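Encoded as structure tokens, the structure appears first; notes follow it.
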Amino acid sequence: MTREPRPATSLFTQLDISANTPPDTSTRTTEGVGQVTQILEQILAAQDRQNELLEEMMSQMNSAQRQRAAELNQWKQANPHLADTCRQAAETLSQVQSEFLHALTSEVEDNGEAMMDGEFMLTEFVDRFGPRLAHLNGVLQVLSQLSSSPPNSNTTDAN
């Protein structure tokens, strides 16, 4: 069986690269500018809407914060003795916190290299100081919020 040669299909096609008049691009340019303008207008509208939503969100947050401040002031006025006691406790706990932080930093200075070298020392340090510091900060924050201003404060109420 002999094979007869088949005609080979051409792998290349011909392109006409002769100099013709260029197609009219003025219509495409105008359409492109119109599309860009539309996209920019849509972006601007979306940004305006986003700004409106942010303003609404800030308004709601401010009103909630003002309400919380008013409630705290009412509580302080209804419980002036307790508010004074909270202030004194906050001042004392602030001193305790300072001493605690001093002990914490001394521990870091003394065992810093061991903490960097081994996980055991770091874990021991965090277990020893972490929960106490977190709880102390939480209690101090609550007491500070509930405490009344010192009687000789020179601050004025801006409301």
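Just so you know, all these numbers are worked out from the coordinates, no wet-lab data involved. Model, not experiment: these values are computed from the prediction. Cβ atoms come from the backbone with ideal geometry, glycine included; neighbour counts cover every protein chain shown.
Spin-label pair LEU136-MET121: with each label point 7 Å from Cα along the Cα-Cβ axis, the two points sit 2.2 nm from one another. Residues in region 115-120 carry Karplus couplings, in order, of 5, 6, 7, x, 6, 4 Hz; the curve used is 6.51 cos²θ - 1.76 cosθ + 1.60 with θ = phi - 60°, and Gly or Pro positions show x.
The length gained on full extension between GLU71 and ILE43, counted as 0.36 nm times the residue separation minus their Cα-Cα distance, comes to 5.9 nm. Residue-wise HN-Hα couplings along region 34-43, as the Karplus relation 6.51 cos²θ - 1.76 cosθ + 1.60 with θ = phi - 60° gives them from phi, are x, 5, 5, 4, 4, 5, 5, 5, 5, 5 Hz; Gly and Pro carry x.
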